[in-house]
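Presented below is the structure to which this report refers.
The values are calculated or read from the model by the stated rules, or taken from the named source; none is laboratory data. This one's a predicted model, so the numbers in the text were calculated from it and none came from an experiment. As a convention, Cβ positions derive from the backbone with ideal geometry for all residues, glycine included, and neighbour counts pool all protein chains shown.
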Amino acid sequence: MNGTSTSKICRVCTGEYPPITYKNYEFLSQFLTERGMIKSRKLTGLCSKHHRQLAKNIKRARHLGLLPFTTVSAKIKPQELKLLFESSSATKRKQEELTDEASVSAEIEGKQ
């Protein structure tokens with residue numbers, strides 16, 4: 001099920017879907033787009049009451065860290081993402097090494 005509906009009857013009202021809760025993040029994720037945005041009522045097929053409840057619980061799950069706020073753009077390839085991550089972590093390591101060297105040299109100068 002991709003979260004789209006053609007009927008005008010709310011699936012939560014009929015009992016076809018389970019109750020909406022922030023704990024069921026796998027269920028909530030079907031109502032998100034690939035970019036992490038909440039799908040509209042027209043696409044989900046929910047009534048206004050349950051769509052508001054859905055949005056509230058998705059936001060709650062995001063704040064608790066169960067769902068991401070956004071996702072990585074589809075334009076960035078996994079190989080490029082890996083390179084970006086490696087370069088940023090290498091930069092952090094270099095900065096840590098420089099601060100360690102500076103603290104060691106300061107200790108040596110302080111002892112003399």
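General observations
- Residue pairs whose Cβ atoms lie under 7 Å apart, sitting 6 or more positions apart in sequence or on different chains, and linking a residue in region 3-14 that is in the same structural domain as Leu32 (by TED's automatic domain parsing) and on the phi > 0 side of the Ramachandran plot to a partner that is at pLDDT below 60 and assigned to a helix (DSSP H, G or I), do not occur here.
- Residue list for region 29-65, restricted to those being more than 12 Å from the chain's Cα centre (by Cα), assigned to a loop (DSSP other than H, G, I, E, B) and surrounded by fewer than 17 Cβ atoms within 10 Å (Cβ to Cβ): Gln30, Ser40, Cys47
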